[in-house]
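These notes concern the structure reproduced below.
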Ligand code: IMP
């Protein structure tokens with residue numbers, strides 16, 4: 001059966017279905033090159049739906065569809081996470097949950113320490129980030145793409161740039177962690193950039 005053509009994005013302003021400032025910032029930078037502006041779900045006061053799927057693409061689809069239907073705008077959702085080979089891919093889709101504090105809010109220093117404590121006895125340091133990007137239209141159409149960045153986890157965490165688990169991840173072929181490198185370098189090699197390249201190829205016009 002021939003593949004269905006992708007739907008092209010013609011809108012110049014879309015909603016980003018995320019309340020995570022780091023993700024909004026990185027996706028806004030990627031979209032700006034295509035002349036597309038982002039309004040965040042937080043600015044529009046959109047609720048955050050429960051992420052009940054067990055895959056990155058599944059959860060990104062939930063978030064994108066909820067934001068598109070609530071706002072009437074095309075929505076972009078980013079579901080991403082950090083995986084450690086010796087932990088069978090954990091924390092994976094539960095990456096944000098591992099940082100959740102009992103009183104609310106997220107503590108990434110503590111979440112990274114938890115990953116390190118569990119993975120420390122294992123010789124295999126392989127780790128990766130995954131990013132699923134899903135575009136959803138108010139009529140329910142979705143386009144989804146997934147990218148990965150392979151590398152190793154390191155300890156102690158290093159660097160002040162980036163966000164989340166960046167300080168404990170060194171991408172393959174590099175010496176600096178994602179949090180030590182210039183954001184432009186991270187943007188060129190990250191899981192988000194990989195997913196975005198696929199999305200751009202399929203749905204965007206320069
Ligand atoms: P989500 O909001 O459920 O997709 O949670 C994603 C989790 O993965 C958050 O805890 C983020 O901090 C983490 N994460 C996603 N992308 C990155 C990244 O590029 N660097 C560091 N952490 C990331």
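All of the numbers you see were taken from the coordinates with simple rules; none came from a lab. In this text, all values refer to a predicted model and were calculated from it rather than measured experimentally. No Cβ is skipped: glycine too gets one built from the backbone with ideal geometry, and neighbour counts run over all protein chains shown.
Here are a few things to note about the model shown:
- Cβ-Cβ distance of residue 101 and residue 44, R₀ of 25 Å, FRET efficiency by 1/(1 + (r/R0)^6): the value works out to about 0.45.
- Highest average packing first - 166-174, 62-70, Cβ atoms within 10 Å: 62-70, 166-174
- Between the C-alpha center of region 8-42 and that of region 47-100 there is a gap of 16 Å.
- Proxy reagent accessibility, fewest Cβ within 10 Å first, across 126, 10, 177: 10, 126, 177
- Fewest-first sequence of 98, 155 by Cβ atoms within 10 Å of each Cβ: 155, 98
- Comparing 76, 30, 133 in a Gaussian network model of the chain (Cα springs below 10 Å), the most mobile by mean-square fluctuation is 30.
- Ranked packing of 45-57, 135-147, most packed first, by mean Cβ within 10 Å: 135-147, 45-57
- Degrees, to the nearest 10: 108-119 long Cα axis against longest axis of the chain: 60
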